[in-house]
Amino acid sequence: MNLGATVTVLYDDRAVPHIFAANEEDAYRALGYVTARDRLYQLYLQTMAASGRLTEIAGPRALALDREMRGLGLPRSAERLAATVRDTSPSVRRLRAYADGINSYVRTLPASELPLEFRLTGTRPSEWTLADSYHLFSRMGWTLAYLSLEDDRAAAASRVGTRAAAALVPDNEAIQEPIQPNGQRAPRFDARVLPPPGEPDTGSGRLLAAGATFFPARSAAMREDDERRSMASNNWAVSPRRSATGHALLAGDPHLDLTLPSIWYEAHLVVPGALDVAGVTIPGSGAIVIGFNRDVAWTLTNSGADVLDLYAEQVDDSVAPTRYRLDGEWKALESRIERYRGHGGETIAIDTLYFTHRGPMQRVRGRWLSMRWTVLEAGTEIDAFQDAAHARSAADVQAAFGHSYRAPAQNVIAADRAGHIAIGTQGRFPIRAGDGSGSTVRDGGSSANDWRGTVAADALPQSIDPAQGFLASANQQPIDPLVTTNWWGGSYDPWRAVRINRLLRGDSAVTVDAMRRYQTDPGSARADLFVPHFLAAAARVLARTGTEPDASLAEARRLLGQWDRRYTRDDARAVLFEGAMQELTTRTWDELIVPDSARRIITPASAMLAVLLGDSASAWWDVRSTPAIERRDDILAASLAASLASARAKYGAPDAGGWRWQGIRRANIFHLLRLPALSALEIPVQGGPATLSPSSGSGTHGASWRMVVELGPALRAWATYPGGQSGNPLSSRYRDRMDEWTRGALTPVRLPASPAELDEAHRSARLILERAR
């Protein structure tokens, strides 16, 4: 290893490496080494997935996934970036040192000590390059991508027409609890009337197919599992005047795919007088992504803003184009031959890919569409993370991200020891031509339709030290549309934002333990809104039936009325509500069902159902398959009664034990190769759909890291994640944190400033990395 001096690595009793180095390049070199030591197969598999080379492990069955990566131009983007960056940048030098650390470990590893997964798949780790880290960032862009309003609206329009589709998939949310405080003391509900279903728009098919063409694997995954449509995460910060200790507090829990080993690896880097940063890194990233130093802490949530546009292109040959038309002239297309190889190096498939000046171009139902996407124009994100490590204030963190961070767009929150809190939606957001909307396919024949630049930093959603004394983001719309002229269309979720803001408004002396409890709070703003409507509708329908009330509906109403609207593990009524919501969704959006199928082409957000509750006679309430004309109360009551019948059939009597929430919704944390024996499955957890710790669908998505930081004279932090530091399934550190994560507990983080400060009682191992002689 090309160390400048000896590096000492002390592992504490949580298996966290504390790296003590003489310079920053050595610190990151050692980080690469210990990451490879604990997570080598994860590094390898992530790179193969991000670079579109999974067929070299799994053969033809992975071809669709590889084609998606390469067809989007993600490997091309990473390779071009790696080829053009210069070592004059400190972050690039550190990233090269990180790669050297990984490779130094691999070079000394005998074949007999390769991780189990390499032996199971018959593979070996290849040399880590700078491009591999850029591949990882590209992959994160893909993971967190919102597939654009164009796709969702086209899906709806293909069944109910463009006018209704625009209302079902709106630019702005009807429930406003924005990230940038707007001065309100409660969420604002913007009343709307949904236009009735119209005739299907036959021209939307091509646009609908575009999402499935560019993002086939992601589109299919989200059709099968609606929880993947939003990478739900939370963060919030409390100012000293609303903190019980008089110090700023910060909490963060990004919700991502849950895997063993975890997407995160915890570490602490110390270079005397230069660097002292702790938190979690994504293996391969070469930086602490979420964390803190002695002065400031930061964490992230995903922004659902639409930063992807499609353009209809005119080409010279509809089958094998070489040129495309722009401003009346023919421009040469860039073509790229992609070969997909199998486990033995044999060629499985060959594709020819095309690129305009905007980005990748693909044929969609006989027409060529190109795509421009900020993720393909990223590349300096590593600068933002490494600069944040040196920040001394919340403002410094925002400046670091504002200067260098491009994509995928994030809501960055920070708090510092001086008592300041700040939040900002960070990334590059395009300024579009015309009305500024990103919800239509544009004519690619004119450069006038290209992006005009990016939204200025001072116009991005942001706040520092607000009068309300706290800040929060939970994937809601970042800014109130009433206070901005910029277009902020995207995919947003208001429910968790409403809940955390309610909790923070109601507590003027927030404790560290309260911050922890909020992360798994079982309360639900969604249930708070819908339950009274179910109960009231059932009462009105029962009153109409006179002397012969519906006994089943009466019982369903009685049982739902017993619910405290909290998704605790022992609760035995949430299942009734969730069943009613599913029935309500099915009955209300029957117009969106694909012909000859039981599948909806799109499911509008539950916030749209909330909007519809205000219009008792809307045409959307009517079920087309019945001769009667149903109204709101009919559908709500029928949904509740049907849920009771379904719950009885599936889980037994209400109080026989089968309705307990912990037996119905569980977390499923799979090994990277989805081997059940190496996974943690059927884990009872607290929380439900739209709670701060959502538990829904397949259970494979959830809080990937939980952290609370108190920014006092001496910073203190508590944290955990599901799994453990080791990627070795046979290690005691493979899943030793699972119990505390399941319980919603956090463990104190150790922050020794020198090796001497980590006493022997809290050490689990010692590693000395020597300079090569």
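Among the residues of the range 316-328 satisfying the criterion of being in contact with a Ser or Thr (Cβ under 8 Å, 6 or more places away or on another chain) and surrounded by 15 or more Cβ atoms within 10 Å (Cβ to Cβ), which is nearest to Gln362 (Cα to Cα)?
Here the answer is Tyr324.
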Elements of type helices (runs of 4 or more DSSP H) in the range 53-128, at least 3 residues being among the polar types (S, T, N, Q) and open to solvent by less than 30 Å² (accessible area, probe 1.4 Å): 90-107
Criterion: in contact with a strand residue (DSSP E or B) (Cβ under 6 Å, 6 or more places away or on another chain) and on the phi < 0 side of the Ramachandran plot - qualifying residue of Arg631, Arg558, Arg569, Arg540: Arg569
Residue satisfying all of: in the range 452-494; out of contact with any strand residue (DSSP E or B) (no Cβ under 8 Å at 6 or more places or on another chain) and among the aromatic types (Phe, Trp, Tyr); surrounded by the fewest Cβ atoms within 10 Å (Cβ to Cβ) among these: Trp487
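Residue-wise test of (1) open to solvent by less than 10 Å² (accessible area, probe 1.4 Å); (2) modelled with pLDDT of 95 or more.
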residue: Val512; (1), (2): no, yes
residue: Tyr518; (1), (2): no, yes
residue: Gly523; (1), (2): yes, yes
residue: Ala527; (1), (2): yes, yes
residue: Phe530; (1), (2): yes, yes
residue: Asp550; (1), (2): no, no
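Of Asp26, Asp66, Asp12, which residue is over 27 Å from Pro110 (Cβ atoms), touching a residue at least 60 places away in the same chain (Cβ under 8 Å), charged (D, E, K, R) and out of contact with any Ser or Thr (no Cβ under 6 Å at 6 or more places or on another chain)? Walk me through it before giving the result.
Values: Asp26 fails: over 27 Å from Pro110 (Cβ atoms); Asp66 fails: out of contact with any Ser or Thr (no Cβ under 6 Å at 6 or more places or on another chain).
So the residue among Asp26, Asp66, Asp12 that is over 27 Å from Pro110 (Cβ atoms), touching a residue at least 60 places away in the same chain (Cβ under 8 Å), charged (D, E, K, R) and out of contact with any Ser or Thr (no Cβ under 6 Å at 6 or more places or on another chain) is Asp12.
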Which listed residue, of Thr213, Thr202, Thr162, is of a type in the set (Val, Ile, Thr), closer than 30 Å to Pro75 by Cα, open to solvent by 20 Å² or more (accessible area, probe 1.4 Å) and modelled with pLDDT under 95: Thr213
Condition check for Ala414: more than 30 Å from Arg325 (Cβ to Cβ) and open to solvent by 20 Å² or more (accessible area, probe 1.4 Å): no
Among the candidates Leu74, Leu54, Leu95, residue that is touching a Gly at 6+ places or on another chain (Cβ under 7 Å), modelled with pLDDT of 95 or more and not polar (S, T, N, Q): Leu95
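To keep it simple, each residue is scored yes or no on (1) of a type in the set (A, V, I, L, M); (2) buried (at least 19 other Cβ atoms within 10 Å of the Cβ).
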site	(1), (2)
Ser698	no, no
His701	no, yes
Arg716	no, no
Pro722	no, yes
Ser726	no, yes
Pro748	no, no
Ala765	yes, no
Out of Glu760, Glu710, Glu770, sole residue that is on the phi < 0 side of the Ramachandran plot, buried (at least 19 other Cβ atoms within 10 Å of the Cβ), out of contact with any Cys (no Cβ under 8 Å at 6 or more places or on another chain) and among the acidic types (Asp, Glu): Glu710
Which listed residue is part of a helix (DSSP H, G or I) and touching a residue at least 60 places away in the same chain (Cβ under 8 Å), from Ala556, Ala472: Ala556
Qualifying residue in the range 679-690 (condition: in a helix (DSSP H, G or I) and either out of contact with any Pro (no Cβ under 7 Å at 6 or more places or on another chain) or of a type outside the set (Ser, Thr, Tyr) (or both)): no
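Residues are listed down the side, and each one gets a yes or a no for (1) within 25 Å of the chain's Cα centre (by Cα); (2) open to solvent by 10 Å² or more (accessible area, probe 1.4 Å):
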{"site": "Thr380", "(1), (2)": "yes, yes"}
{"site": "Gln386", "(1), (2)": "yes, no"}
{"site": "Ser404", "(1), (2)": "yes, no"}
{"site": "Gln410", "(1), (2)": "yes, yes"}
{"site": "Gly419", "(1), (2)": "no, yes"}
{"site": "Ala422", "(1), (2)": "yes, no"}
{"site": "Thr425", "(1), (2)": "yes, no"}
Options Ser138, Ser158, Ser133: the member that is touching a Phe, Trp or Tyr at 6+ places or on another chain (Cβ under 9 Å), in contact (Cβ under 8 Å) with a residue 24 or more places away in the chain and not in a loop (DSSP other than H, G, I, E, B): Ser133
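Would you call Arg517 closer than 30 Å to Gly469 by Cα and in contact with a helix residue (DSSP H, G or I) (Cβ under 7 Å, 6 or more places away or on another chain)?
So Arg517 does not fit the description; no.
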Test set (1) within 26 Å of the chain's Cα centre (by Cα); (2) in a helix (DSSP H, G or I); (3) of a type in the set (A, V, I, L, M, F, W, C) - Ala145 fails condition number: (2)
Pairs, first among the aliphatic types (A, V, I, L, M) in the range 719-740, second assigned to a loop (DSSP other than H, G, I, E, B) and surrounded by 17 or more Cβ atoms within 10 Å (Cβ to Cβ), C-beta under 6 Å, six or more apart: Ala719/Leu746; Ala719/Val749; Met738/Pro722
Test: residue in the range 657-671 that is open to solvent by 50 Å² or more (accessible area, probe 1.4 Å), in contact with a strand residue (DSSP E or B) (Cβ under 6 Å, 6 or more places away or on another chain) and either at positive phi or not in a helix (DSSP H, G or I) (or both): yes
Search result, residues across the range 4-35 that are more than 28 Å from Trp718 (Cβ to Cβ) and either of a type outside the set (Ser, Thr, Tyr) or surrounded by 20 or more Cβ atoms within 10 Å (Cβ to Cβ) (or both): Gly4, Ala5, Ala22, Asn23, Glu25, Asp26, Arg29
Residues that are of a type outside the set (D, E, K, R), surrounded by 17 or more Cβ atoms within 10 Å (Cβ to Cβ) and in a loop (DSSP other than H, G, I, E, B), drawn from the range 728-746: Asn728, Pro729, Tyr734, Gly744, Leu746
Selection status of Leu43, under 13 Å from Trp128 (Cα atoms), touching a helix residue (DSSP H, G or I) at 6+ places or on another chain (Cβ under 7 Å) and in a helix (DSSP H, G or I): yes
Failed criterion for Gln398 (all others in (1) at pLDDT 95 or above; (2) among the polar types (S, T, N, Q); (3) under 23 Å from Thr143 (Cβ atoms) hold): (3)
Residue in the range 338-348 that is out of contact with any helix residue (DSSP H, G or I) (no Cβ under 6 Å at 6 or more places or on another chain) and surrounded by 20 or more Cβ atoms within 10 Å (Cβ to Cβ) present: no
Among the residues listed as Thr626, Thr585, the single one being among the hydroxyl-bearing types (Ser, Thr, Tyr) and in a helix (DSSP H, G or I): Thr585
Selection from the range 300-327 of residues that are in a loop (DSSP other than H, G, I, E, B) and touching a residue at least 12 places away in the same chain (Cβ under 8 Å): Ser303, Gly304, Asp306, Val307, Gln314, Asp316, Ser318, Ala320, Pro321, Thr322, Asp327
Any pair with Cβ under 6 angstrom, 6 or more apart, that starts in the range 637-650 at a residue that is within 21 Å of Trp621 (Cα to Cα) and ends at one that is in a helix (DSSP H, G or I) and of a type in the set (Val, Ile, Thr): Ala637/Val541
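The values are calculated or read from the model by the stated rules, or taken from the named source; none is laboratory data. Given the structure is predicted, the values throughout are model-derived calculations rather than measurements. Positions of Cβ are backbone-derived with ideal geometry, glycine not excepted, and every protein chain shown enters the neighbour counts. In case anyone asks, the SASA skips ligands and DNA or RNA and just uses the protein heavy atoms, side chains included. Shrake-Rupley method; radii C 1.70, N 1.55, O 1.52, S 1.80 Å.
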